[in-house]
Structures are given as structure tokens and as C-alpha cells.
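Accompanying notes for the structure given below.
The values are calculated or read from the model by the stated rules, or taken from the named source; none is laboratory data. The model shown is predicted, which means the values in this text are computed figures rather than measured ones. Positions of Cβ are backbone-derived with ideal geometry, glycine not excepted, and every protein chain shown enters the neighbour counts. For accessibility, only protein heavy atoms count, side chains too; no ligands or nucleic acids. Shrake-Rupley method; radii C 1.70, N 1.55, O 1.52, S 1.80 Å.
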Amino acid sequence: YLLDKAGTESNPYLRLAYIAAFNASQYNACFGDKLKPFNPILGETYEYVTDRYRFFCEQVTHHPPVSACHCESKNYVIYFNTQVTNRFWGNSIEFRPLGKTFLHLKKFNEDYTFNRPINCTQNIIFGKLYLDLSGETVVENLKTGDKCVVKFRTKGWSSSSLGNLDGFVFNKAGEKMYEVKGKWCDSIWATEIKTGDSTLLWKKFPLPDDWVNLYCFTMHSLQLNYLPESLKKVLPPTDTRLRPDQRAYENGDIKLASSEKNRLEEKQREARKIMEKNKVVYKPAYFVYTLDPVTKEQTYLFTGKYWSDREKQNWKHLPDLYQLFYL
């Protein structure tokens, strides 16, 4: 939604504000979540297709664990990867995202890059577990030189201080055009410096009933593992929805989920031993690690072949992740 708004917004400074709001509000999906996610398997894939966009990601390395992601719509193209560095601080773990996210707005033929904030999971040993964000993010329009700089404020003693952020949209001359302010877990506003007019960039959707007992998922998150027969027929065998451990857990069979998780982890270890013995270097199926011509950084670029393989149901070259050893 926010990227579509940016992709059609005529005001170039509000475009930057919408992108900055997207960059911050995505962490709202983690608000309240206290559970460790399933570890992705090397070669695991996931697609999400709607009438507005289509998203695809692939687990491209295991050590370190990195997922490469690509999403496109009629208004934009965005891609990034999930590589991070982490540090243990005693009662918290800090995650620093590496590399930049790339965004192209088709209508304006503009390229943007931005970094993600520092994530810190607090109270992992004692106290109430929560996610906190910190650091500074910069959304830059590579065509005009305009940018939006947002600072994420760490939580203070009061719980009401969680999620605070503030910043400004600057033109290429460094003049402040808009102030951006709000909470990444509630709402974000942009206020024009000259006029004082405010625009609501984003407000979180109401949470599902009994959301605490639904793993603290948002309504959107609850749909991500949905697997109707019509979708099951077209998915590759590597898709996340087909993982037996994850499916068993969702169905409430904890014993089966645990045994399947152990089986898949052992299967992956055995596969890695065979690869090392045969000196095989793993190559992702749908991404290549290369120099980005726009950002001039090494990153994973989407080949686009996934969608043609999906149309032809050409999955023979993909590894068997969930059943037999694939080497």
C-alpha cells in the first residue's frame, strides 16, 4: 500500500516520506511476537501473489543465513536481502541489517535506496520480551539527490516511549521540506514545514480478535501460510507452505512438528556433508550474487526465471528439501 502510494504521489517530498514510512512500519508485524521463527532451509522459497503485486524470496545461503527477496507491481520494483550481523549484550541481542534496499518507481523513473534500522530483541533472559529499533535510516532519491533521514528512538523507562521515531525530508540543497514523526508500531505522519499541513502516511490496522493467542500475528501475517488446493497445484516443491514441520505446528500437532523439524535439520546437515565431500558450491535457483549496476554494491539480483518456471510447472531442477536427500 505505501509503495503504491509513493509510486503515484505527485509531490516528490511526500514520495520520500511514504517510502520512509514503509521502511519503518514493516516492523509492526513483529510487535508483541515472542516466538522464534522456523529456521529457513537452504533453497527454500516463498511466493505471495495478489492482484496488486507479486513477491518472491529464496534462501540463498545457510552460513550466514540469507534470504534474497524481490517484489514487483505496476507501480514499483523493490529488492533486498536479509543478511545481518548480530551481537549478544547479555539480556538482549542486536541485529544490524547489511546492505541497502533498492526501489524503482516506474511512473517517475526514479531509483531509491535505503537502509534498515538496527533491531534489538530486549529481555531475552529476564523481563518482558519486546522488539526495539534504533539508529538512523536514510532514504535517498538517486535521481534528484533529495533524501529523508529518520532517527529511531530506543524505548525509555515508560512503555509509551516504545516505537518513537522522527526525522525530516530534505531537498538536494539540504533544506527541510517535511517533518516525519510518529511510532513504527502505531502511526506515522508527515508535516510540511512551510504550511504546517499534516498528512497521515500510515496507521496500523486493527489486530485480529484474540491476537495474543494467534502468535501475535497481524491479519496479514495470518494469511501467509494459507494453502488452498488451487495454490498447492502450482507451487514448487521448495515452497515454505509445504514444510511438514511448519504445517504440523499450525495444525496443532506439536509432537509431529518437533520430529519433522529434527528430521529436516538432519537432512540438511547430511546434504551439506555430501556437497562438501564432492566440492559442490551451492548456487541459488533464481538469484545471482553480482554487482548491482545502480547501487554499485554486491547483492543478490533476481533472474526472473521463477515466474516462467511457474507458468510451465518446470520444477525438475529444484532440490528435494522436504522428502529425500537431494544430492
message: Quick check on this structure: which one of THR154, THR85 is without any contact (Cβ under 8 Å) to a residue 60 or more places away in the chain, of a type in the set (Val, Ile, Thr) and part of a loop (DSSP other than H, G, I, E, B)?
response: THR154
field: Meets criteria (outside any strand (DSSP E or B), modelled with pLDDT of 95 or more, closer than 21 Å to GLU9 by Cβ and not hydrophobic (A, V, I, L, M, F, W, C)) for LYS172
entry: yes
message: Considering only residues that are more than 14 Å from the chain's Cα centre (by Cα) and either surrounded by fewer than 16 Cβ atoms within 10 Å (Cβ to Cβ) or assigned to a loop (DSSP other than H, G, I, E, B) (or both), which ones fall in region 67-82?
response: LYS74, ASN75
query: In region 210-236, which residue that is open to solvent by 60 Å² or more (accessible area, probe 1.4 Å) and in a loop (DSSP other than H, G, I, E, B) is farthest from LEU129 (Cα to Cα)?
result: LYS233
- request: Please work out if GLN26 is open to solvent by 30 Å² or more (accessible area, probe 1.4 Å) and polar (S, T, N, Q).
  value: yes
- line: Of those in region 39-66 that are open to solvent by 20 Å² or more (accessible area, probe 1.4 Å) and outside any loop (DSSP other than H, G, I, E, B), the residue farthest from LEU264 (Cα to Cα) is TYR53
- prompt: If you take the residues of region 272-314 that are touching an Asp or Glu at 6+ places or on another chain (Cβ under 7 Å) and part of a loop (DSSP other than H, G, I, E, B), which of them is surrounded by the fewest Cβ atoms within 10 Å (Cβ to Cβ)?
  reply: VAL294
- request: Keeping to region 132-169, report how many residues are at pLDDT below 95 and among the acidic types (Asp, Glu).
  value: 1
query: Residue check: is PHE108 open to solvent by 60 Å² or more (accessible area, probe 1.4 Å), among the hydrophobic types (A, V, I, L, M, F, W, C) and either at pLDDT below 90 or assigned to a loop (DSSP other than H, G, I, E, B) (or both)?
result: no
query: Restricting to region 50-62, what's the tally of residues that are without any contact (Cβ under 8 Å) to a residue 24 or more places away in the chain and out of contact with any Leu (no Cβ under 9 Å at 6 or more places or on another chain)?
result: 4
field: Scan of region 180-209 for residues that are part of a strand (DSSP E or B) and either touching a residue at least 40 places away in the same chain (Cβ under 8 Å) or open to solvent by less than 60 Å² (accessible area, probe 1.4 Å) (or both), ordered by number
entry: VAL180, GLY182, LYS183, SER187, ILE188, ALA190, THR191, GLU192, THR199, LEU201, TRP202
